[in-house]
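The values are calculated or read from the model by the stated rules, or taken from the named source; none is laboratory data. A quick note: this is a predicted structure, and the numbers were derived from the prediction, not measured. Cβ: placed from backbone, ideal geometry, glycine included. Neighbour counts: every protein chain shown.
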Amino acid sequence: MPVITLANENKTIEVPVGANLRRALLNNGVSPYIGFAKIINCRGFELCGTCRVEVVDGKGASARREDEEQTLISSTPFYARRIEKNIRLSCQTSVMGDMTVKTYPKVAIDKERTKEMMIKSGISAVFILLFGIFFLAMFLDMIKII
């Protein structure tokens, strides 16, 4: 059975081949979450990006898929993250062999992508505002007719 070495916790855990890393951590009293994410998270459905871990020795980890990478980079509507290749979502990582994992990895903000996101969200906000004003005007016009 593969052994997961938890660098920050000075702990090792043994799990069956193919075990989900998030579930293995939680079953052994180690939370991949920090702060409010311990309470508010997607419960392993690859939506929030809060169960990030750093796979220091990743030979025993399943490959990172493109949808996992997208969740890691842009799971927040306010900024984009710069994610190294060894940062993984524990909920999307299968344990295929021995590995060393660090919980609570630090990630940097990707300033260029964040700027692009802000511009796109600003444009979206303008369209939503105009759409709302249009329907409000129609509603007020309907009230006047009745």
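Residues in segment 62-96 that are free of Cβ contacts under 8 Å to residues at least 60 places away in the same chain and small (G, A, S): S62, A63, S74, S75, A80.
When the residues of segment 74-112 are filtered to those that are of a type in the set (G, A, S) and over 13 Å from the mean Cα position of the chain (by Cα), the one that is nearest to G35 (Cα to Cα) is A108.
Restricting K102, K111, K106 to those that are of a type in the set (D, E, K, R) and either in contact with a Ser or Thr (Cβ under 9 Å, 6 or more places away or on another chain) or under 15 Å from I4 (Cβ atoms) (or both) reduces the list to K102.
Each row is one residue, and each column tells you yes or no for (1) of a type in the set (G, A, S); (2) not assigned by TED's automatic domain parsing to the domain that holds P16.
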site: Q70; (1), (2): no, no
site: S75; (1), (2): yes, no
site: F78; (1), (2): no, no
site: I83; (1), (2): no, no
site: T93; (1), (2): no, no
site: M99; (1), (2): no, no
site: E116; (1), (2): no, yes
